[in-house]
1. Looking at region 121-200, which trypsin sites (Lys or Arg not before Pro) are DSSP coil and have at most 11 other C-beta atoms within 10 Å of their C-beta?
2. For region 203-210, what does the Karplus curve 6.51 cos²θ - 1.76 cosθ + 1.60, with θ = phi - 60°, yield as ³J(HN,Hα) per residue in whole Hz, taken in order and with x for Gly and Pro?
3. Explain nothing, just the number: dipole magnitude of region 95-215 about its Cα centre with +1 on each Lys and Arg Cβ and -1 on each Asp and Glu Cβ, in debye rounded to the nearest 20.
4. Could you check the simple spin-label distance between A204 and R27, using points 7 Å along Cα→Cβ, in nm with one decimal?
5. Go ahead and run the numbers for FRET between R196 and Q152, Cβ-Cβ distance against an R0 of 25 Å, rounding to 0.05.
Amino acid sequence: MSHSTPRHSRAELDALDKAVLVELILRLEGQTAKNSQNSSQPPSSDGLKKPAPKSERGASEKKSGRQAGHEGHTLDAVAAPDALVVHPVTSCAHCAADLQAVEVCSVEKRQVFDLPEVALRVTEHRSERKRCPTCGQTSQAAFPMAVTQPTQYGPRIRAQFIPLARTAAVLHDLYGQAVSQATIVAAVVEAAQAVRAVTEAVRACLVDALRRSFA
């Protein structure tokens with residue numbers, strides 16, 4: 001038994017919320033994606049959108065992986081590494097003699113390429129106050145507009161906030177910092193307000209597309 005997408009009047013479309021609109025779009029996409037190969041529809045219903053034929057190319061005689069004679073690529077050492085770790089020789093590996101005062105005759109170098117450790121960086125903003133020797137009044141420098149609290153999270157870490165408990169766990173694992181769910185909710189609300197105009201424009205486009213599809 002087939003399930004067709006119900007028709008809605010324009011007034012009904014205007015009253016639909018975002019969740020219902022998304023569901024209707026997914027249903028439409030599901031119907032248009034059906035063809036004779038993934039459903040019970042006959043091949044004649046495919047029209048111009050027939051699935052691409054399967055490749056008739058035979059199996060290659062070449063083995064998978066790197067081919068003989070192919071020039072490979074190696075990880076080249078850098079002349080100025082970001083960090084240097086020296087492993088000293090303190091005693092002879094053969095007779096156990098003390099070698100701490102002996103001059104190094106040569107070194108062997110090995111370089112490890114890796115991502116830097118992720119750590120939370122704290123920036124303290126200090127607003128100066130000065131008393132004017134002329135009038136005796138105190139003046140204070142202004143903080144940046146985004147710095148409003150004695151302690152707060154910056155824009156880069158707030159941009160990584162994703163739903164609540166999972167977000168708090170991810171941030172704790174990455175940065176070792178416990179973030180409350182209330183802080184995450186506040187960041188989401190702030191981001192939603194910043195993109196409200198774009199969200200409304202997208203919703204209008206969805207409503208218009210649904211109107212056209214049901215017209």
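All of the numbers you see were taken from the coordinates with simple rules; none came from a lab. Worth saying up front: this structure is predicted, and the values here are computed from it rather than measured. Here the Cβ positions follow ideal geometry from the backbone for every residue, glycine too, while neighbour counts run over all protein chains shown.
1. When the trypsin sites (Lys or Arg not before Pro) of region 121-200 are filtered for loop state and at most 11 Cβ neighbours within 10 Å, R121, R126 remain.
2. In residue order, the calculated couplings are 4, 4, 5, 5, 4, 5, 5, 5 Hz.
3. 820 debye
4. 2.6 nm
5. My answer for the efficiency is 0.65.
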